[in-house]
Amino acid sequence: MQHADVRVDTFNLAHTFESAQPITFFGEFDRQGNSVDYVSSGMQIRVTQRSKGPITIEAPDVKRAIADFRARFRLSDDMRHIYRQISTDAFMGEAVRKYRGLRLTVNDPWETTVVFILSQFNNIKRIHLITNRMVASFGEVSEHGVKAFPTPDALSRATIRELNACGMGFRSKYLKATAKACVDSLDLNRYRRSSYASVKEMLMELPGIGDKVADCIALMGYGKLEAFPIDTWVKRTLERLYFNGKGTSIKRLHESVSEKWGDMQGYAQLYLYHHGRIDGYEA
DNA sequence: ACCCAGGCGGGCG
DNA sequence: CGCCCGCATGGG
């Protein structure tokens, strides 16, 4: 096992791993050791961040792990610029101050699609539970001896009964159908360089993917920062902050946040969601 | 014993 | 378009 130190500006490992993004579904955050273990690039990677000093990376191939780390946590994003753009009021200013260093993550489009199909009408703990059981049941062992995420082929060949054994419930039919579409004709990776609008349009044609899930996949699977997922928390927070607590349609909310945060909506959503969820500002 | 969870699809006016 | 409903399941 090799290790190396990395200097990173404006990055908070704990906040990022407590933000319920796809990568955090496969990593264990240890508050005592200030470290996380996660699987990426087919290997187990351990990242440690103490209050002072550099970040330490441990992995079988540390050079590759560092490159993976920098990409996965969007460490080239200019956070000063982003914070300037999304600190549009007191609430957002407080969110940015409180969760400074919270980063969006870059995840595989297929993995992100699966996780967010499973997320609908569900809670975060149970999404972890189902995902872990699914990986254990349908993931193949990779080169470094860790379980890989199940392929579209594996999930399309699984029976509804087998998928339900993971606890997916009514979501299993959506997942199986989407997996089959990815086997038959759809190449999710072909849309990496497509526009936000066309990525979202493509995603919303898949079963089990509506407005909110499509935006989650566009944001965290395709890195489209114009995406702004609106779940019940975010909806209530937006209505309370900007619409006098009045019920407002998703369409109207999208128009509003688009005007407010433009091409950095995705980061605005991350901070707004996290701040609202952790601190209960939606109530 | 309830109640709810990072919504979506289908049916309706 | 907007609104309403049912939905599988595990943890609080």
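The values are calculated or read from the model by the stated rules, or taken from the named source; none is laboratory data. What you are looking at is a predicted structure, and each value in this text was computed from that prediction instead of being measured. Methodologically, a virtual Cβ is constructed for each residue, glycine included, from the backbone with ideal geometry; neighbour enumeration extends over all protein chains shown.
Structure data summary
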{"quantity": "Any strands (runs of 3 or more DSSP E) falling wholly within the range A:1-119 and containing at least 1 residues that are at pLDDT 95 or above", "calculated": "A:2-6, A:35-40, A:43-49, A:55-59"}
{"quantity": "Set A:ARG50, A:ARG46: member being basic (Lys, Arg) and under 19 Å from A:ALA148 (Cα atoms)", "calculated": "A:ARG46"}
{"quantity": "The one condition in (1) closer than 23 Å to A:LEU203 by Cα; (2) of a type in the set (A, V, I, L, M, F, W, C); (3) surrounded by fewer than 17 Cβ atoms within 10 Å (Cβ to Cβ) that A:ALA90 fails to fulfil", "calculated": "(1)"}
{"quantity": "Conditions (1) within 16 Å of DNA strand B (Cβ to nearest atom); (2) crowded, with 16+ Cβ neighbours inside 10 Å; (3) of a type in the set (Val, Ile, Thr); (4) closer than 30 Å to A:ASP9 by Cβ: number failed by A:ILE127", "calculated": "(4)"}
{"quantity": "Residues located in the range A:81-96, provided they are out of contact with any Ser or Thr (no Cβ under 7 Å at 6 or more places or on another chain) and in contact (Cβ under 8 Å) with a residue 12 or more places away in the chain", "calculated": "A:ILE82, A:TYR83, A:GLN85, A:ILE86, A:THR88, A:ASP89, A:PHE91, A:MET92, A:GLU94, A:ALA95"}
{"quantity": "Of residues in the range A:158-197 being under 14 Å from A:ILE217 (Cβ atoms), in contact with a Ser or Thr (Cβ under 8 Å, 6 or more places away or on another chain) and of a type in the set (A, V, I, L, M, F, W, C), the one farthest from DNA strand C (Cβ to nearest atom)", "calculated": "A:LEU188"}
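For every residue, the table says whether it meets (1) touching a strand residue (DSSP E or B) at 6+ places or on another chain (Cβ under 7 Å); (2) polar (S, T, N, Q); (3) in the same structural domain as A:SER142 (by TED's automatic domain parsing); (4) closer than 13 Å to A:LEU102 by Cβ.
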{"residue": "A:PHE11", "(1), (2), (3), (4)": "no, no, no, yes"}
{"residue": "A:GLN21", "(1), (2), (3), (4)": "no, yes, no, yes"}
{"residue": "A:ASN34", "(1), (2), (3), (4)": "yes, yes, no, no"}
{"residue": "A:VAL39", "(1), (2), (3), (4)": "no, no, no, no"}
